[in-house]
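The values are calculated or read from the model by the stated rules, or taken from the named source; none is laboratory data. Given the structure is predicted, the values throughout are model-derived calculations rather than measurements. Backbone-built Cβ (ideal geometry, glycine too); neighbour counts: all protein chains shown. Calculation scope for accessible area: heavy atoms of the full protein, side chains included, ligands and nucleic acids excluded. Shrake-Rupley method; radii C 1.70, N 1.55, O 1.52, S 1.80 Å.
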Amino acid sequence: MKCRTCGAKAAVNMRQHKLALCKEHYLEWIPGQTERFIKKYGMFTHAERILVAVSGGKDSLSLWDILWRLGYQVDGLYIGLGIDEGIGYSAESQRLAERFAVMHGLRLHMVDLGNEYGATISEFTRLTQRGKNKPCSLCGLVKRYIMNRITRDLGFEVLATGHNLDDEAAALFGNTLKWAGEYLLRQRPVLPEAPGLVRKVKPLCRIYEREMTAYALLRGIEYIYDECPFALGSTSIYYKGLLNHLENDRPGAKLTFYLSFLEARESGLFSEHSDVQQSLHPCPNCGQPTSAPGLCSFCRMIERIRGTNNYALSR
Ligand code: Q46
Ligand code: ZN
Ligand code: ZN
């Protein structure tokens, strides 16, 4: 297989795009594609300051690398969730995020859940769920809350996350199985700012996971190979497996599924839901927007921790 651009030996073959490229041209192609999607969906401009949420994984570190190479003003945000299961997942992912920042001379902002809010994800799971359930819905809530809050507090215009096409297609598949209207409405490459909510963008949403892995490896980015220990057996991994079967038989199926959804949205398929965000009001405790009556879900969770975790209270 030969590189379409220069005829040298190809390093990556993308059946879905009928395109093979050598290392050099692949490392140019991915940032070029990302820039194209940033412009196409009006994500941000070079005049704006961007905060990238980094987990230490291949997608978020590669996104940070790509935006930096494209000349955007971009800092990183690492949230220390305190997941000590497995290989000491959080400690290792933090080490890799810090290493990337130092090597590139970039600024990484850190939030440590244990220090700032009195309990880590692991502690909270042990205290309240006795290890029975996965903490992912709680963890997702915590991450969304902190990302929005820090982006606003530090004065960034936009928050970028490393969701790739496989993440988006799996989420879309799950939401479609349930016809979850509100979630479908919110699933888009750009979620515009709203009162109390920052703009959120997913510049890698049209790039396959396999393409991101190839980018990180060819670029020599050191990232955490292990998934979070709680990700094992999750529905999203199951859906990704199903979609990979489909993709294997019909290259391009994942991309078509996602792009057809975006087109259907554009043509007004979900327009009757368009007033969802108007039901938000500020949380009386922290001021962040919430649709819950009374305190927001994050503040309610913190109250729960304080009620159950005497150790945390004494800190
Ligand atoms: S970090 Fe958190 Fe994920 Fe781990 S606990 Fe679940 S949600 S799996 S992306
Ligand atoms: Zn080439
Ligand atoms: Zn609150």
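For the range 33-240, give the magnitude of the charge dipole about the Cα centre (Cβ charges: +1 Lys/Arg, -1 Asp/Glu; no others), in debye to the nearest 20.
Dipole size: approximately 560 debye.
Efficiency by 1/(1 + (r/R0)^6): what FRET value for Ala194 and Arg250, r their Cβ-Cβ distance, R0 = 35 Å, to the nearest 0.05?
E between Ala194 and Arg250, to the nearest 0.05, is 0.40.
Considering the dipole of the range 1-67 built from charges on the beta carbon (Lys and Arg +1, Asp and Glu -1) around the Cα centre, which of Ala53, Gly42, Cys22 is farthest to its positive end?
Selected residue: Cys22.
If you average the sequence gap of Cα pairs under 8 Å that are 6 or more apart and divide by the length of the chain, what percent do you get for the contact order?
Relative CO of the chain lands at 19 percent.
Sticking with the crude label model, points 7 Å out along Cα→Cβ, report the distance from Glu116 to Ala264 in nm, one decimal please.
3.7
Please report the carbon-and-sulfur percent of the accessible area for the range 1-158; probe 1.4 Å, protein heavy atoms only, DNA, RNA and ligands left out.
Taking all protein chains in place, the range 1-158 shows 49 percent carbon and sulfur surface.
With axes computed from alpha carbons, what is the tilt in degrees of helix 165-177 against the longest principal axis of the chain, rounded to the nearest 10 within 0 to 90?
60
Here is the link list: Lys178/Lys200; Lys143/Lys202; Lys2/Lys202; Lys178/Lys202. Which ones come out longer than 20 Å on Cα distance?
Beyond 20 Å between Cα atoms: Lys178/Lys200; Lys2/Lys202; Lys178/Lys202.
Can you pull the one-decimal nm distance between simple spin-label points at Leu218 and Ala8, each 7 Å off the Cα toward Cβ?
1.0
Between helix 23-40 and the chain, what is the angle of the helix's C-alpha long axis to the longest principal axis, kept within 0 to 90° and rounded to the nearest 10?
It works out to around 60 degrees.
Mind pulling the angle between the C-alpha long axis of helix 136-153 and the longest principal axis of the chain? Nearest 10 degrees, somewhere in 0 to 90.
90
Expected output is a single nm value to one decimal: the length gained when fully extending between Glu98 and Glu28, i.e. 0.36 nm times separation in residues minus the C-alpha distance. What is it?
Extra length available between Glu98 and Glu28 comes to 22.7 nm.
Between His46 and Leu295, what is 0.36 nm times their sequence separation minus the Cα-Cα distance? Round to one decimal in nm.
85.9 nm
With all protein chains present and a 1.4 Å probe, how do Asp226, Asp167, Asp153, Asp112 order by accessible area, largest first?
So the residues, ranked largest to smallest area, are Asp153, Asp226, Asp112, Asp167.
Mind checking the per residue accessible area of the chain for me, 1.4 Å probe, whole number of Å²?
50
For q = 0.06, 0.09 Å⁻¹, what log10 I(q)/I(0) does the chain give under the Debye formula with an equal point scatterer on each alpha carbon and no solvent?
Debye intensities relative to I(0), on a log10 scale: -0.21, -0.49.
Please compute the length gained on full extension between Glu227 and Trp179, using 0.36 nm multiplied by the number of residues separating them and subtracting their Cα-Cα distance.
Once the chain is fully extended between Glu227 and Trp179, it gains 14.5 nm.
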